[in-house]
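The values are calculated or read from the model by the stated rules, or taken from the named source; none is laboratory data. This one's a predicted model, so the numbers in the text were calculated from it and none came from an experiment. When we count neighbours, we look across all protein chains shown, and the Cβ atoms used for this are built from the backbone with ideal geometry, even at glycine.
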Amino acid sequence: MPVSYTPVYIEKFDQPEVGRSVLLPKQGALIEQMDPPETRIVLHREDYLDDYAEYEVNHEKIVKDRGRVGETRFTQYIRPAEFDAYYEAQENLLLLRTNVDTARDFIKTANDRLVSFKARAYEVDFPQLVERIDRISGAWFREIPDRFLSSLGIFGSNVNRSDQYKYYVKEGEVSSLMFDYSLDGQWTVLVGRFGNMVIYDKLNSRRVELKLVYSLFKDVVSPASILKDGGG
């Protein structure tokens, strides 16, 4: 199963002691009879891998959607998410092992509600990213000139050399690129517009996975990215 990481640049983070947690201050519930959403950050190990500290994040997000439980109707609900995070203090780098939407909501929430935390999001410059990739095997586009489609993916060997790719680069907006990345083997990866990285191959361990993600970030993503305030 593919795994996703989202990188975050940390400007301020007062780390808790091992086993201790940071609980973000609650905001008022948006629905009557609903407890406010919670976000909790727990430090597991300070020396998980090299200079990386390992955290567990429990993040609750308000989702606006209609539904009913018994006789009670609702227009929004709380969706919980639990994921691991890895922090390298020397490089101000936090890697969130979750999908990009959850990661960005967590960063926005932490920035808004935790005085001891300040982070900035990465945003990829795709023309620069393309220069660092030997061969692109897939590309997703958004904001395309088709009223029946909100996004479009094209795939193939050296897809960036195709006329279709060149047309949608001009008329739409690239949202992610898929390619092979080499590090002690060859791995199929995807990089999205917020620097989020998806690894499609199964790796032997979490440590091997983290080393691959860090290498991909340093070699390809970071040099082709700029920093943006906030996360949402």
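Taking the criterion of being of a type in the set (Phe, Trp, Tyr), at pLDDT 90 or above and touching a Phe, Trp or Tyr at 6+ places or on another chain (Cβ under 7 Å), would at least one residue in the range 119-134 satisfy it? Scanning the range 119-134 turns up at least one residue that is of a type in the set (Phe, Trp, Tyr), at pLDDT 90 or above and touching a Phe, Trp or Tyr at 6+ places or on another chain (Cβ under 7 Å).
A quick yes/no check of all residues on (1) at pLDDT below 85; (2) of a type in the set (A, V, I, L, M); (3) in a strand (DSSP E or B):
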site: TYR5; (1), (2), (3): no, no, yes
site: ILE10; (1), (2), (3): no, yes, yes
site: GLN15; (1), (2), (3): yes, no, no
site: GLY19; (1), (2), (3): yes, no, no
site: PRO25; (1), (2), (3): yes, no, no
site: GLU32; (1), (2), (3): yes, no, no
site: ILE62; (1), (2), (3): yes, yes, yes
site: ILE78; (1), (2), (3): yes, yes, yes
site: GLN90; (1), (2), (3): no, no, no
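Within the range 103-115, work out how many residues are farther than 24 Å from PRO223 by Cα and either in the same structural domain as LEU177 (by TED's automatic domain parsing) or assigned to a helix (DSSP H, G or I) (or both). Steps first, please.
In the first step, residues of the range 103-115 are kept if they are farther than 24 Å from PRO223 by Cα; the result is 105-106, 109-115.
From the residues that got through so far, the ones that are either in the same structural domain as LEU177 (by TED's automatic domain parsing) or assigned to a helix (DSSP H, G or I) (or both) too are 105-106, 109-113.
Going through the range 103-115 one residue at a time, the tally reaches 7.
The set of residues from the range 134-168 being outside any strand (DSSP E or B) and either among the charged types (D, E, K, R) or touching a residue at least 40 places away in the same chain (Cβ under 8 Å) (or both) comprises ASP134, ARG135, GLU143, ASP146, ARG147, ARG161, ASP163, LYS166. Is it true that ASP84 is of a type outside the set (Lys, Arg), assigned to a strand (DSSP E or B) and within 25 Å of LEU177 (Cα to Cα)? In short, yes. Being charged (D, E, K, R), assigned to a helix (DSSP H, G or I), over 22 Å from ASP101 (Cα atoms) and not assigned by TED's automatic domain parsing to the domain that holds LEU96 holds for only one residue in ASP184, ASP219, and it is ASP219. Residues in the range 52-78 that are surrounded by 14 or more Cβ atoms within 10 Å (Cβ to Cβ) and charged (D, E, K, R): GLU54, GLU56, GLU60, LYS61.
Out of ILE144, ILE154, report the one residue that is at pLDDT below 90 and surrounded by 11 or more Cβ atoms within 10 Å (Cβ to Cβ).
Working: ILE154 fails: at pLDDT below 90.
Criteria check complete, one pass: ILE144.
For the range 48-67, the tally of residues that are in contact with a strand residue (DSSP E or B) (Cβ under 7 Å, 6 or more places away or on another chain) and over 22 Å from LYS108 (Cα atoms) stands at 5. Residues in the range 187-208 that are under 30 Å from ARG113 (Cβ atoms) and crowded, with 17+ Cβ neighbours inside 10 Å: 8 in all.
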